[in-house]
Amino acid sequence: MKNIIFLFVVLPCIIFCQISHYSVNDEKLTIIYNSTGPRTYLLSYPISGNSWSRYCLEYITKRPTAYLYPDYIQKIPFANGPLGYVFDVLQTDMTKDPIWKVHNRNDILRLKTYNPVREKLIFIVRNPIEVLIRNHPGLFNIDKENFFSVSHIQNEFSVYFDNIRIFDEWPSENKILIYYEDLISDIKSTLRKLCNFLNVDEAIINSFMEQYYSHVENELNLYNAQSRKTITKGNKAIYYSNSLSQEDLEKADINIRFVHPDLWEKYLKRFSSM
């Protein structure tokens with residue numbers, strides 16, 4: 001019982017105290033937001049593994065990760081500020097060029113100076129059925145008949161698919177696609193891909209894996225300190241879609257393939273339920 005209280009009550013309070021000093025006027029944050037080097041973006045639809053990806057990236061690159069716009073750090077510091085402020089084990093160097101968290105095309109377009117020809121894009125994509133159910137306010141109380149209808153896919157879920165188009169349009173030499181499911185099932189190979197893309201020595205992976213379960217616990221506690229709690233604890237890539245029947249899953253696949261045949265074929269076919 002004492003361990004449970006520490007993990008879910010005491011530790012989140014400690015984490016909150018650690019990052020409650022976040023301020024856009026903080027000297028380290030000023031350095032980050034004044035960075036002039038070519039940007040690296042970490043793009044994902046919400047709840048697609050962005051937090052775990054940022055944790056891993058800060059460890060292997062020692063670069064800070066943060067939401068592209070500093071006002072968001074004051075709004076939700078848990079989710080948007082450099083994780084090196086919270087976890088010393090990351091050894092984040094706040095003077096290095098940051099990796100910018102973005103969730104949609106507007107996040108990037110607000111910059112006006114973004115340049116895909118010289119800037120890198122890391123794109124995290126998760127099974128569309130899983131992530132769209134997870135983001136729904138009702139979660140398991142969805143309208144199964146219409147949730148993955150053609151009109152919903154075209155309108156309610158447009159950002160998810162537009163993010164894939166951002167990746168598709170980005171110059172091939174400056175982008176990398178990471179599947180959330182691979183972050184869960186094959187972390188070493190996924191980190192190796194990121195190291196190669198970002199010109200990082202792969203030797204760092206060994207030290208990461210030596211403390212792997214400690215890193216997972218750090219991230220879960222940070223995530224649980226937010227308003228949204230983890231349900232799967234990062235152990236299951238497939239969970240939310242289990243609430244749908246096989247018939248519902250197949251209908252969802254058919255409608256996604258109908259609306260976005262090119263994206264399905266190039267990026268989403270691996271998630272087929274048929």
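The values are calculated or read from the model by the stated rules, or taken from the named source; none is laboratory data. Model, not experiment: these values are computed from the prediction. Cβ sites come from the backbone with ideal geometry, for glycine too, and all protein chains shown count toward neighbours.
Some values worked out for this structure:
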| read-out | value |
| --- | --- |
| Sole residue being in contact with a helix residue (DSSP H, G or I) (Cβ under 6 Å, 6 or more places away or on another chain) and either surrounded by fewer than 19 Cβ atoms within 10 Å (Cβ to Cβ) or more than 21 Å from residue 260 (Cβ to Cβ) (or both), chosen from 186, 143, 201, 182 | 182 |
| Residues of the range 145-177 classified as among the polar types (S, T, N, Q), under 20 Å from residue 114 (Cβ atoms) and free of Cβ contacts under 8 Å to residues at least 40 places away in the same chain, total | 1 |
| Helices (runs of 4 or more DSSP H) wholly inside the range 175-274 that include at least 2 residues being modelled with pLDDT of 95 or more | 187-198, 204-210, 246-259 |
| Number of the condition not met by residue 133 [criteria: (1) under 30 Å from residue 81 (Cβ atoms); (2) of a type outside the set (S, T, N, Q); (3) free of Cβ contacts under 8 Å to residues at least 24 places away in the same chain; (4) outside any loop (DSSP other than H, G, I, E, B)] | (3) |
| Qualifying helices (runs of 4 or more DSSP H) (wholly inside the range 1-110; at least 3 residues being under 14 Å from the mean Cα position of the chain (by Cα), farther than 23 Å from residue 204 by Cα and at pLDDT below 90) | 77-80 |
